[in-house]
């Protein structure tokens, strides 16, 4: 990349992913923001407690994201927001709206929960991470892109090691809701959850692929192949059917939308088939879970349980159109003329519908729409756009089977994908 003269304002023009010129800011505040953006990804992969309060445990990721909120707010106060596209701040506003609506629903339903606590709970699980696209729009740079490529490769190595060596989990702190022996037949990775392992592996591979240099060296191509292979290993060992479904949907999206020649598309299709076939032959857990789904269909226990929970939530939402709060989902489903009660529907869409009401679901859908538009606009015509959009497709699929991205582990990764196109990179990175 040609060296540019730095002007007195501390803004240095650099080549963006789209091949255009955009400002790369220098100084202590942008540097701090970039460090926090990288730390947010790292801390989302491992849960570790920092302090315990009456409102719950404060984790390392909470501290990092709160600091990112502060740094971003200070930057906005100092420099203003005139240069921002509308999507990044819209994502923050919509996330806050869901939190407020869930708190309001909790108060209106007169459950035992407090609206203030409901707001804090949602912010911890989802809302804090919503600042990442806005922060990336302010502080994006080639150093973040390079750092994320290195970080995703190292993180994938860690995920694979912990997936292959489950005894290493004894070295990790356990989340508050941890149950000894739960799901031990499936690989859990650093997040101590099989589904989170699969989702995180898909997210890391998407981010690594999006940050690949324009003219990748042999080492960069080898690293990408290793990351993709690691993601396949994690999905297979986790036995996560929703993780596999999301990954396949993302790959199909890439086949349709990415500018690949026929040979590349054929190679990708064959690779997918080989991975699934290899997983069926090499992993008894993967084979058993897919085989059971194939034999039983909707009657399979996990599937039928989710269908029942989601149908109950839909019925209960008719009685509580303004929501009941996330902590009262069990109470609401129990009141829906049935003996069953579920603390979650395992669907981000129906959980939000019942917790924050119809307005909350609308806010979530608008947030996802803004996320899609933000990737497209920030990247413009860059080749990273379909890769990042494929990551969003995967998460949209994950959300139908679990409370992703409303998860303390997955929300930072989801919003880092959303923010991906905001980072500039050097032409010869």
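The values are calculated or read from the model by the stated rules, or taken from the named source; none is laboratory data. As the structure is a prediction and not an experimental result, all values here were calculated from the model. Here the Cβ positions follow ideal geometry from the backbone for every residue, glycine too, while neighbour counts run over all protein chains shown.
Overview of values
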{"read-out": "Pairs where the first residue, in the stretch 150-167, is in contact (Cβ under 8 Å) with a residue 60 or more places away in the chain and on the phi < 0 side of the Ramachandran plot and the second is surrounded by fewer than 24 Cβ atoms within 10 Å (Cβ to Cβ) and outside any helix (DSSP H, G or I), C-beta under 7 Å, 6+ apart", "value": "158/190; 159/190"}
{"read-out": "Helices (runs of 4 or more DSSP H) within the stretch 202-287 that include 1 or more residues in contact (Cβ under 8 Å) with a residue 40 or more places away in the chain and within 18 Å of the chain's Cα centre (by Cα)", "value": "218-238, 241-257"}
{"read-out": "Selection from the stretch 1-58 of residues that are at pLDDT 70 or above, exposed (fewer than 15 other Cβ atoms within 10 Å of the Cβ), closer than 16 Å to residue 144 by Cβ and in contact with a strand residue (DSSP E or B) (Cβ under 8 Å, 6 or more places away or on another chain)", "value": "26"}
{"read-out": "Some residue of the stretch 107-115 being under 23 Å from residue 370 (Cα atoms) and either touching a residue at least 24 places away in the same chain (Cβ under 8 Å) or out of contact with any helix residue (DSSP H, G or I) (no Cβ under 9 Å at 6 or more places or on another chain) (or both)", "value": "no"}
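Quick grid of which residues meet (1) crowded, with 22+ Cβ neighbours inside 10 Å; (2) in contact with a strand residue (DSSP E or B) (Cβ under 7 Å, 6 or more places away or on another chain); (3) closer than 12 Å to residue 394 by Cβ; (4) at pLDDT 90 or above:
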| site | (1), (2), (3), (4) |
| --- | --- |
| 196 | yes, no, no, no |
| 212 | no, no, no, no |
| 229 | no, no, no, yes |
| 241 | no, no, no, no |
| 262 | no, no, no, no |
| 267 | no, no, no, no |
